[in-house]
Amino acid sequence: MGISYHRSGFVDDAEAHVSIRAKALNYGLGCFAGIRAYWNSKRRELFVFRLPDHARRLVDSTRILGLTAPATADQIAALVVELLRRNQARADHYVRPLVFVDSDELSPTLSDVPVSLSIYCLKMGRYFGHGAIHAGISSWRRVADNAIPARAKPTAAYLNSALARAEAKQGGFDEAILLTERGTVSEGSAEHLFIYRKGQLATPPSSEDNLEGITRATLIELSRAPEVGAPAVERVISRTELYTADEVFLCGTGAEITPVTRVDHRQIGSGKVGPVTRALSGLFSATVRGERPEYEGWLTPVWQSAVATAAPARPAVRRGGAAGVARRGTSSLVPARSRR
């Protein structure tokens, strides 16, 4: 068992409870972030990748949903680092901050409700169990931004992803690719998509009903590096361009860079991982692990900062008792709840 941050303090994972009546559970009222931390064995350091950007996007997500964020971006970032320290994280980890409507009242409402923050972490290697994958175009369309806003990374929207992925698995594919209602390419079930075709690296913009991706923005910048030599552009991509592309790959915090060698049972390019995908993957891996000094501004060290700066006061972890009991484990970093 590990330690999580829940509502107002650090608790054992087993004590991070919500009621069966919770609006967040019944209606999916909330939003979240997915963050990676990478271990550099030579430097004996854990680097959180683009932590301030993830924290700011989570706060922006609450604004889109009309909720009041229970913490500032800086407070969320500080809690993530503290959580990794408390879990003695010295391996690759995934961190999930979750902002949710913390009410047990009936009805799906986002106004005048308490809002809470929970964060957990876990060890994580590859998102997909193997290298290159096969993908299929889903019959489920990506939910439109005017229906459920993709920019908010809302929990409820991932039913759309789950339906598409289940269909893909039943069809013998590893992953789904979703189209917009107009029939243009949006993204994977939980990843962005790039193609390399006719000498151009391209990815659909966020106006194609997908998240404003932090990993995608990273790869657009890395694509300009000399060892990649294929500056990416954002543009609309049609379904049939996937079939005639030289390379296709998915990307995201979880998926990192995952090559796609078949789409709808059609071979992509040579059927092997292409040179642009390989070069970008190598540069991305070196960047997130602190092996490229020119990109180290994207990294937040966990253990170096623990030594270099005075750590915030560490309240005792709550052990035993009901999850909502008094404030013994309360952290001074954030308020317990906010109310919209």
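At a glance:
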{"quantity": "ILE257 vs. criteria modelled with pLDDT of 95 or more, assigned to a strand (DSSP E or B) and under 24 Å from ARG292 (Cα atoms)", "calculated": "yes"}
{"quantity": "Subset of the range 1-31 (residues that are closer than 18 Å to THR109 by Cα and either under 19 Å from the mean Cα position of the chain (by Cα) or crowded, with 18+ Cβ neighbours inside 10 Å (or both))", "calculated": "VAL18, ALA22, LYS23, ALA24, GLY28, LEU29, GLY30, CYS31"}
{"quantity": "Those residues of the range 82-127 which are more than 24 Å from GLY290 (Cβ to Cβ) and part of a loop (DSSP other than H, G, I, E, B), in sequence order", "calculated": "ASP102, SER103, ASP104, GLU105, LEU106, SER107, PRO108, THR109, LEU110, SER111, ASP112, VAL113"}
{"quantity": "Options SER161, SER139: the member that is within 19 Å of ARG57 (Cβ to Cβ) and without any contact (Cβ under 8 Å) to a residue 40 or more places away in the chain", "calculated": "SER161"}
{"quantity": "ARG56 vs. criteria closer than 22 Å to ARG7 by Cα, in a helix (DSSP H, G or I) and free of Cβ contacts under 8 Å to residues at least 60 places away in the same chain", "calculated": "yes"}
{"quantity": "Criterion: surrounded by 14 or more Cβ atoms within 10 Å (Cβ to Cβ), outside any strand (DSSP E or B) and not polar (S, T, N, Q) - qualifying residue of ALA176, ALA202, ALA164", "calculated": "ALA164"}
{"quantity": "Only listed residue being under 16 Å from ALA135 (Cα atoms) and in the same structural domain as SER161 (by TED's automatic domain parsing), chosen from LEU222, LEU280, LEU193", "calculated": "LEU193"}
{"quantity": "Positions within the range 276-294 being surrounded by 15 or more Cβ atoms within 10 Å (Cβ to Cβ) and without any contact (Cβ under 8 Å) to a residue 40 or more places away in the chain, in sequence order", "calculated": "ARG278, SER281, ARG292"}
{"quantity": "Criterion (surrounded by 15 or more Cβ atoms within 10 Å (Cβ to Cβ), under 16 Å from the mean Cα position of the chain (by Cα) and within 22 Å of ARG21 (Cα to Cα)) met by exactly one of PRO70, PRO97", "calculated": "PRO97"}
{"quantity": "Single condition TYR158 does not satisfy, out of (1) at pLDDT 95 or above; (2) assigned by TED's automatic domain parsing to the domain that holds GLY30", "calculated": "(2)"}
{"quantity": "Filter result (modelled with pLDDT of 95 or more and within 18 Å of LEU299 (Cβ to Cβ)) within the range 98-124", "calculated": "CYS121"}
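The values are calculated or read from the model by the stated rules, or taken from the named source; none is laboratory data. Source: prediction; values computed, not measured. Virtual Cβ from ideal backbone geometry, glycine too; neighbours counted across all protein chains shown.
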